[in-house]
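One structure is given below, encoded as structure tokens.
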Amino acid sequence: MNNDRKILVTGCNGQVGSELRRLLGGRAVYVGRDDLDLTDRDAVERFMRIGDFAYAVNCAAYTAVDRAEEEKLACSRANVDIVENLARPADELDYRIIHISTDYVFDGHSWRPYNESDKPEPLSVYASTKRRGETALLGLAPGSMIIRTGWLYSSYGRNFVKTIIERGRKGTPLRVVADQIGTPTYAEDLAKFIVNNVIDGHWTPGIFNYSGEGVASWYDFAVAILEEAGIDTPVIPIPTSEYPTAAERPQFTVLDKSKVKAVYGITLPHWRNSLRDAIKKIMQTNG
């Protein structure tokens with residue numbers, strides 16, 4: 001593929017998009033919500049034809065999991081229509097799509113790490129639309145790459161890490177769910193994988209799981225955040241039943257990363273090590 005052709009990054013103001021902007025610099029074109037209506041099929045096709053892109057990295061998504069239960073149409077437009085609009089001209093215009101999906105496509109009823117061939121059983125509107133986006137992409141542009149990840153955080157935007165630090169500084173004990181299990185993922189790690197191993201490495205289409213190594217509950221994650229930030233505020237573990245939400249969350253979404261490690265020959269950082277690096281950056285940036 002011609003290296004002179006550009007890379008498109010959608011959702012460029014989100015966590016992964018912001019990390020990609022920092023890593024790719026002038027090699028890419030960055031599209032946010034105010035730059036192009038990605039839900040407009042004709043507008044997207046015109047943009048892709050003019051752009052002469054080699055890759056489209058789709059980080060655009062509706063991620064307000066609870067609000068999605070009410071805003072079903074908006075969620076579907078972002079998580080399904082945008083994917084379809086990017087996928088339709090991909091084969092004709094010869095560009096490759098890298099799409100960010102979620103561990104929430106699984107129902108969490110399995111107590112072993114999920115691999116890429118396990119059957120998705122989404123529990124919420126958000127999760128269902130993300131799964132529909134995957135299906136649409138593989139149907140329209142089967143040579144695409146889907147990366148399933150979860151529990152994303154970074155020094156950009158709003159996320160669990162920043163929220164815990166802010167609340168922890170107030171000194172009031174925090175009550176955090178301890179029976180939802182997954183793996184935190186540093187957006188910088190994911191962005192580096194996309195750039196170094198996929199765009200600048202070798203292309204392998206299909207579905208890949210990517211997250212940090214290790215396992216944690218939200219309670220474990222919160223405790224680690226406060227420890228790394230040097231904040232001495234108690235964290236109280238609670239069950240999901242004591243923290244009701246509009247959308248049902250899966251209880252277990254640890255991902256099996258054997259495939260991505262074998263295909264790309266990479267070693268994944270442990271979530272705690274990445275968290276330490278992220279908090280240093282958050283402290284330097286935000287104080």
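The values are calculated or read from the model by the stated rules, or taken from the named source; none is laboratory data. All of these numbers come straight from a predicted model, not from anything done at the bench. No Cβ is skipped: glycine too gets one built from the backbone with ideal geometry, and neighbour counts run over all protein chains shown. We work out accessible area using only protein heavy atoms, side chains counted, and drop any ligands, DNA or RNA first. Shrake-Rupley method; radii C 1.70, N 1.55, O 1.52, S 1.80 Å.
Per the 1.4 Å probe, what fraction of the accessible area of the range 38-172, in percent, lies on carbon and sulfur atoms? Write down the numbers at each step before the final one.
On the way: 2810 of 5830 Å².
Accessible surface attributable to carbon and sulfur in the range 38-172 totals 48 percent.
Working out 0.36 nm times the residue gap between LYS261 and ARG22, then minus their Cα-Cα distance, what length gain in nm do you get to one decimal? Walk me through the numbers on the way to the answer.
Values: separation 239, 0.36 × 239 = 86.04 nm, distance 2.45 nm.
Contour length minus the Cα-Cα distance gives 83.6 nm.
Over the chain, with the other protein chains present, what is the accessible area per residue in square angstrom, probe 1.4 angstrom?
44 Å²
Assuming R0 = 22 Å, can you tell me the calculated FRET efficiency for the pair THR172 and THR245, based on Cβ-Cβ distance, to the nearest 0.05?
It comes to 0.60.
How big is the range 193-253 on each of its three principal axes, counting only the C-alpha atoms and giving the largest first in Å?
Here the spans come out as 46, 32, 18 Å, largest first.
Testing the spin-label approximation: label points 7 Å from Cα along Cα→Cβ at VAL215 and MET283. State their distance in nm.
Distance between label points: 3.0 nm.
As an exercise, take the mean of 1/r over every pair of distinct alpha carbons in the range 29-105, invert it, and state the Kirkwood radius in angstroms.
About 13.2 Å for the range 29-105.
Extending each Cα 7 Å along its Cβ direction at ASP40 and ALA64, get the distance between those two points in nm, one decimal.
The two pseudo-label positions are separated by 2.3 nm.
For the chain, what does the convex hull of the Cα positions come to per residue, in cubic angstrom?
Once divided by residue count, the hull of the chain is 124 Å³.
Within the set of other residues whose C-beta is less than 9 Å from the C-beta of THR267, count the net charge using Lys and Arg as +1 and Asp and Glu as -1. All intermediate terms of the calculation are to be shown ahead of the outcome.
Working: positive: LYS261; negative: GLU213.
Computed value for this residue: 0.
Please give me, ordered by residue number, the trypsin sites (Lys or Arg not before Pro) of the range 1-38 that lie in loop per DSSP and have at most 16 other Cβ atoms within 10 Å.
ARG5, ARG33
How high is the relative contact order of the chain, in percent, counting Cα pairs under 8 Å that sit 6 or more residues apart? Mind dumping the intermediate values first?
On the way: 541 pairs, mean separation 59.3, N = 287.
Value for the chain: 21 percent.
Rounding to the nearest 10 and keeping the result within 0 to 90°, find how far the Cα-based axis of helix 41-51 lies from the longest principal axis of the chain.
With rounding to tens, the tilt is 70 degrees.
If a/c stays under 1.5 just call it rounded; otherwise compare a/b with b/c (prolate if a/b is bigger, oblate if not). Do that for the range 12-72, with a ≥ b ≥ c from the square roots of the Cα gyration tensor eigenvalues.
Oblate shape, in that a/c is at least 1.5 and b/c is the bigger or equal ratio.
List the pair-distance distribution P(r) of the range 175-287, using every Cα-Cα distance, as the percent of pairs falling in each 5 Å bin from 0 up to the bin containing the longest distance, rounded to whole percents.
2, 10, 17, 19, 17, 15, 11, 6, 2, 0
Take ASN115 and ARG33, extend 7 Å from each Cα along the Cα→Cβ direction, and tell me the distance between the two endpoints in nm.
Roughly 3.9 nm, to one decimal.
Could you calculate, for the range 121-236, the ratio of the Cα radius of gyration to the Kirkwood radius, expressed as Rg to Rh?
That ratio is 1.05, to two decimals.
Check VAL176: other-chain or 5+ apart residues with amide H under 5 Å from its amide H, H built from backbone geometry?
Distant-sequence amide H within range of VAL176: ILE236, ILE238.
Return the long-range amide H neighbours of ILE181 (sequence gap of 5 or more, or a different chain), with a cut-off of under 5 Å between placed amide H atoms.
PHE252, THR253
Let me know the Rg and Dmax you get for the range 237-287 when you use only its Cα atoms, in Å.
That works out to 16.7, 42 Å for Rg and Dmax.
Beta carbons within 10 angstrom, averaged per residue: use that to sort the peptides 154-160, 260-266, highest first. Numbers along the way, then the final one.
Values: 154-160: 18.0, 260-266: 14.7.
Ranking, from highest mean packing down: 154-160, 260-266.
Using only DSSP helix segments of four residues or longer, with each worth -39500 (n - 2.57), what per-residue ellipticity at 222 nm results for the chain after dividing by its residue count and rounding to 500?
Mean residue ellipticity at 222 nm (helix-derived): -10000 deg cm²/dmol.
What is the dipole size for the range 14-138, taken about its Cα centre, with +1 at each Lys and Arg Cβ and -1 at each Asp and Glu Cβ, in debye to the nearest 20?
240 debye
Starting from the amide H of TYR114, placed 1.01 Å from N in the peptide plane, find each other amide H under 5 Å away whose residue is 5 or more places distant or on another chain.
Correct list: VAL254, LEU255, ASP256.
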